[in-house]
Amino acid sequence: LKQKGEIFTIQDQDEMWQVSKFQKWITIVQPEIIAIESMVYNEQYKEAGTLDLLLKINEGKYCIAGKTPLELPPGRYVADLKSGGHYDESSLQVAAYAEMVNNDPSNAEHKDDVKGTLVIHLNSIVKTGIPGLSTYYRNQEEIKEDFQQYRHVAQVWEDQNKNAMPRLLEFPSIITKQEV
């Protein structure tokens, strides 16, 4: 994936395998990429995060979820790439991001228009469609349910961590080998 002249280095063959599966996903779906690694926030809850992808997808049936084609309505989607295990909680994370995108005050013309969320699991056991890749879709109604569940979990964490503050770390700009 290349954006504005950026080049990414692949570290090993496992990464290359995952990138190649995602490249096939992009070729099949042909989304318009609206944002990559974009900071999103929610002032009401004082939360922020970095969403992997915000995509515009045309209506269609796509072979990206195993044997059965995934039918997607047209619109904007918050997508998250998972290279390790896939957990049900992933839908809560992308629901929070979708809520942040929907309520971004700088994006008033697109308020509440995220049509769905997608969790793209790059380490799946499926053998059909794109072998080794699964896509999990949640529609607007499911996103609302996921976000409510996310808020319940977040509220428990907030109640138990009332005084939590981020750690501020300082690093040297250059690290050199020291003689012993």
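Kindly give Rg over Rh for region 63-167, based on alpha-carbon atoms, with the Kirkwood expression for the hydrodynamic radius.
Rounded to two decimals, Rg over Rh is 1.04.
Tell me which residues come under 5 Å, amide H to amide H, from K82 once H is placed; ignore anything under 5 positions away on its chain.
Correct list: I120, H121, L122.
Among S38, S83, S106, whose mean-square fluctuation peaks in a Gaussian network model of the chain (Cα, cutoff 10 Å)?
Checking each option, the largest mean-square fluctuation is seen for S106.
Calculate for the chain the 222 nm mean residue ellipticity that helices alone would give, adding -39,500 (n - 2.57) per DSSP H run of length 4 or more and normalising by residue count, nearest 500 deg cm²/dmol.
Details: 3 runs with 51 residues, N = 180.
Rounded to the nearest 500, it is -9500 deg cm²/dmol.
Determine the equivalent ellipsoid of region 62-108 by diagonalising the alpha-carbon gyration tensor, then write out the semi-axes as square roots of 5 times the eigenvalues, largest first, rounded to whole Å.
For region 62-108, the semi-axes come out at 24, 16, 8 Å.
Dipole of the chain (Lys/Arg Cβ +1, Asp/Glu Cβ -1, origin at the Cα centre): which of Y137, S106, F22 lies farthest to the positive side?
F22
Quick one: which residues, 5 or more positions from L133 or on another chain, have an amide H under 5 Å from its amide H? H modelled 1.01 Å from N in the peptide plane, none for Pro or chain starts.
Amide H neighbours of L133: S124, V126.
With a 10 Å cut-off between alpha carbons and a GNM built on the chain, which of D113, D12, D146 moves the most?
D12
Give me the dipole magnitude in Debye, nearest 20, for region 1-96 about the Cα centre, with unit charges on the beta carbon: positive for Lys and Arg, negative for Asp and Glu. Spell out each step's value before the answer.
On the way: 10 positive and 14 negative charges, 78 e Å.
Approximately 380 debye in magnitude.
Using only alpha carbon positions, build the gyration tensor of region 8-62, then give the equivalent ellipsoid semi-axes as the square roots of 5 times its eigenvalues, largest first, whole angstrom.
Working: eigenvalues 135, 72, 13 Å².
Sorted largest first and rounded, they come to 26, 19, 8 Å.
In µm²/s, what is D for the chain at 20 °C and 1.002 mPa s, where D = kT/(6 pi eta Rh) by Stokes-Einstein and Rh is the Kirkwood radius from Cα pairs?
Calculated translational D: 118 µm²/s.
If you keep only loop residues by DSSP, which trypsin sites (Lys or Arg not before Pro) in region 127-180 have at most 14 other Cβ atoms within 10 Å of their Cβ? Don't skip to the end; give the middle numbers.
Numbers: sites: K127, R138, K144, R151, K162, R167, K177; in loops: K127, K162, R167, K177.
Hits after loop and neighbour filter: K127, K162, R167, K177.
Can you compute the charge dipole magnitude of the chain about its Cα centre, using +1 on each Lys and Arg Cβ and -1 on each Asp and Glu Cβ, nothing else charged? Give it in debye, rounded to the nearest 20.
Dipole size: approximately 520 debye.
Values quoted throughout were computed directly from the atomic coordinates according to the rules given, and no laboratory measurement underlies them. Nothing here was measured: the structure is a model prediction, and the numbers come from that model. Here Cβ is always computed from backbone atoms with ideal geometry, including for glycine, and neighbour counts include all displayed protein chains.
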